[in-house]
Amino acid sequence: MSSVNPIRKQTVSHIRARKGKAPIVCLTAYDALMTEILDPHVDLLLVGDSAGTVLHGAETTIPVTLDEMILHGRSVMRADPKSLVVIDLPFGSYEASPQQAFDTASRVLKETGADAVKLEGGVTQAETINFLTERGVPVMAHVGLRPQAVRATGGYKIVGKTDDEREAMRADIDAVTEAGAFCVVLEGVIENLARELTARIEIPTIGIGASPACDGQILVTHDMLGLLEKTPKFVRLFANLRETIGDAIGAYAEAVRDGSFPAAEETYGGGKSADVKPINSSPQQRNYQ
Ligand code: KIV
């Protein structure tokens with residue numbers, strides 16, 4: 001299958017070396033099961049703090065805790081992924097000082113076994129990124145629209161419409177590159193600015209709502225699978241699993257209510273006979289001994 005990534009284990013050096021080459025494919029992952037499904041197809045998996053909004057019903061990523069990120073990171077790592085695994089440092093766990101960031105990042109790397117961390121911020125976090133990278137912590141930076149800062153910036157706003165914003169973005173991207181980040185997420189950036197920034201630096205840019213001009217793309221997996229109620233403009237629905245799952249659950253509920261599930265073949269030692277087959281009876285179906 002051409003979409004399957006052939007390389008065994010992706011490293012920070014592999015990702016960095018992809019600058020200007022074949023697009024880097026990234027998605028979010030929060031657990032072992034989904035990681036098993038995604039891993040053969042992608043180069044990088046982000047254990048994003050979007051877990052807070054996608055899985056835990058929060059309105060923003062701000063309430064996400066370090067313990068929650070570590071729990072999700074451990075689950076992802078149990079699938080033994082060959083993609084590079086990056087874990088988001090949650091809001092409040094790194095901004096106070098480079099030392100705080102190092103204490104948090106070392107806990108994340110030790111307790112999960114992941115490859116790198118991601119943090120939000122440009123110029124303001126450059127000293128911290130430098131402190132981490134010099135101490136052996138690979139850092140993915142995240143600039144542009146910063147979800148952890150929406151309380152301060154006034155919401156989820158596209159970046160790059162004014163000269164001041166464009167100048168600030170140039171300063172941010174230069175700062176994180178010089179500080180030693182191995183790649184940088186550009187979120188919510190208008191196309192001509194994303195193109196200019198991507199050409200400006202020697203590390204890969206990974207876009208989310210930042211046009212095809214970036215060196216790679218990332219989406220929140222649950223968004224692109226159509227699991228969420230609302231879909232932002234920059235997301236393409238590659239499936240509509242919300243509808244598929246709703247239909248399957250409806251069929252299950254109906255089968256339980258009308259007595260057609262479980263049928264004889266789904267019953268140990270007898271049961272009433274019924275002419276109903278499961279939609280997907282796979283050889284891997286779990287069986288009790
Ligand atoms: O938390 C997350 O999923 C992210 C991506 C949107 C880049 O930071």
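The table below lists the values:
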| item | result |
| --- | --- |
| Residue that is most open to solvent (accessible area, probe 1.4 Å) [pool: residues in segment 80-106 that are touching a helix residue (DSSP H, G or I) at 6+ places or on another chain (Cβ under 8 Å) and acidic (D, E)] | E95 |
| Candidate set from segment 21-38 (those that are away from the ligand (no atom under 16 Å from the Cβ) and out of contact with any Lys or Arg (no Cβ under 6 Å at 6 or more places or on another chain)); member that is most open to solvent (accessible area, probe 1.4 Å) | K21 |
| Condition met for V176 (modelled with pLDDT of 95 or more and either open to solvent by 30 Å² or more (accessible area, probe 1.4 Å) or within 12 Å of the ligand (Cβ to nearest atom) (or both)) | no |
| Total residues in segment 119-128, condition farther than 15 Å from S93 by Cβ and either part of a helix (DSSP H, G or I) or more than 16 Å from the ligand (Cβ to nearest atom) (or both) | 4 |
| From the options A96, A101, A79, residue that is away from the ligand (no atom under 16 Å from the Cβ) and in contact with a Leu (Cβ under 7 Å, 6 or more places away or on another chain) | A101 |
| Segment 127-162, subset open to solvent by 20 Å² or more (accessible area, probe 1.4 Å) and of a type in the set (S, T, Y), residue nearest to the chain's Cα centre (by Cα) | Y156 |
| Candidate set: segment 252-265, residues that are loosely packed, with under 12 Cβ neighbours inside 10 Å and small (G, A, S); chosen: the one farthest from L44 (Cα to Cα) | G259 |
| Residue match in segment 24-41 (condition: modelled with pLDDT of 95 or more and on the phi > 0 side of the Ramachandran plot) | no |
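The values are calculated or read from the model by the stated rules, or taken from the named source; none is laboratory data. Everything numeric here is computed off the predicted structure, so don't read it as measured data. With ideal geometry, Cβ positions are generated from the backbone for all residues, glycine too; neighbour counts draw on all protein chains shown. Calculation scope for accessible area: heavy atoms of the full protein, side chains included, ligands and nucleic acids excluded. Shrake-Rupley method; radii C 1.70, N 1.55, O 1.52, S 1.80 Å.
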